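Peer 1: Below you will find the structure I want to go over with you.
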Amino acid sequence: MDKRMKVMIGVLAFALCVFCLSKANAASKALYYARHFGLWTLADDSGLEVYALDGGPGVRTKRFAPGDDLEGTARDQANNAHLLALLEGRPHEDRGARYVCVAALAHSDGSVSVFRGEAPGVVLEQARGGRGFGYDPIILDEASGKSFAELTAAEKNDRSHRGRAFRALGEALKKARGSTMSRDAITPDKVAPTEDGKALEIRWKDGHRSVYEPRYLRLNCPCAGCVDEMTGRRTLLPSQVPEGIYPTAIHYIGRYALQFVWSDGHDTGFHSFETLRKLCTCSECEARGKEG
């Protein structure tokens, strides 16, 4: 294998490895809070990657330089000085870098959508410009010929890694808007026991009726005590939930969820309206689920 091919394979492996790491960091943060609160949650993992440093600073972007007691401007200056020292004497072609942002949008049901944005650059030999923060004074945006600290706010928003990642997320949300149920469709109009008192009935504002067996809802609790926060694996076992379990109280959480207080003492699970609608087991919803 010739040297050029080895370099190409090395760069590809580095890119794939960094992508997976950033995706995992962003997704784990988003999933933790999505499951804890039962809400859509957005998190990101952002940083600077320098090819000559095998992707460093990477996950240590914020605290790259020695000195854990440094904060704010002092931390930024130390990080920049440390990076410049590591690349001292390197030619322009060996100073390639990129800002990377991976944004993860998570739902309490464990689903995650990931959006990636990159801003390529070159590490300068000395700082330029007074705008921005972090590594901006020493990273050149070759397209404009300016350092990121010399860009105007509008220019930076157009070129930045975060801007690109979140614009991709915004476009995805626009496309999804037409295919998802409206807010009214997933808002309860009435929550009450069924006439025989054996189940819970929800009448939705779009006219739909859902009936839930109490034990089925308890077994599908999305909280961190019932679902592993990192893997999404359900840790609550059927043997741990008694057959005759029932809710002793039901509380509205804002305009987005219901909190159930169960006869076994469990009360930390928030079921978002969207999750409850997805849990509906009527023939209409089951058929829609198979189609989707």
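The numbers here are math on the coordinates, done by the rules we state, and not lab data. What you are looking at is a predicted structure, and each value in this text was computed from that prediction instead of being measured. Counting neighbours? That spans all protein chains shown, and the Cβs are built from the backbone with ideal geometry, glycine included.
Peer 1: Tell me, what HN-Hα J-couplings in whole Hz come from the Karplus equation 6.51 cos²θ - 1.76 cosθ + 1.60 at θ = phi - 60° for each residue of region 199-212, using x for Gly and Pro?
Peer 2: 9, 9, 10, 10, 9, 8, 5, 8, x, 6, 10, 10, 10, 10
Peer 1: Let me ask something else about it. Would you tally the net charge around residue 92, using a Cβ to Cβ cut-off of less than 12 Å, leaving residue 92 out, and scoring K and R as +1, D and E as -1? The partial results should precede the final answer.
Peer 2: Working: positive: 90, 95; negative: 93, 94, 125, 142.
Local charge sum for residue 92: -2.
Peer 1: I would also like to ask the following. If I model the chain as equal point scatterers sitting on the Cα atoms and use the Debye formula, what is log10 I(q)/I(0) at q = 0.09, 0.13, 0.15 Å⁻¹?
Peer 2: Taking Cα atoms of the chain as identical point scatterers yields -0.61, -0.93, -1.09.
Peer 1: Something else now. Under a crude label model (7 Å from the Cα following the beta-carbon direction), how far is residue 175 from residue 234 in nanometres?
Peer 2: The modelled label-to-label distance comes out at 3.1 nm.
Peer 1: Quote the charge dipole size of region 184-291 about the Cα centre in Debye, to the nearest 20; the model charges only the Cβ of Lys and Arg (+1) and of Asp and Glu (-1).
Peer 2: Working: 14 positive and 16 negative charges, 27 e Å.
For this selection, approximately 140 debye.
Peer 1: Run the dipole for the chain about the Cα centre, Lys and Arg Cβ at +1, Asp and Glu Cβ at -1, nothing else charged, and hand back the magnitude in debye, nearest 20.
Peer 2: Numbers: 40 positive and 38 negative charges, 102 e Å.
It works out to roughly 500 debye.
Peer 1: Something else: Mind scanning 29/62; 205/278; 190/278; 174/205; 23/278; 62/156 and naming the pairs with a C-alpha gap bigger than 22 Å?
Peer 2: Numbers: 29/62 17 Å; 205/278 15 Å; 190/278 17 Å; 174/205 24 Å; 23/278 26 Å; 62/156 19 Å.
From 29/62; 205/278; 190/278; 174/205; 23/278; 62/156, over 22 Å: 174/205; 23/278.
Peer 1: Right, here's the next one. So what's the net charge close to residue 83: Lys and Arg +1, Asp and Glu -1, counting the other residues with Cβ under 15 Å from its Cβ? Kindly include the intermediate steps, with their values, before the conclusion.
Peer 2: On the way: positive: 60, 62, 63, 75, 90, 95, 98, 128; negative: 49, 54, 76, 88, 94, 125, 136.
Combined, the nearby Lys, Arg, Asp and Glu give +1.
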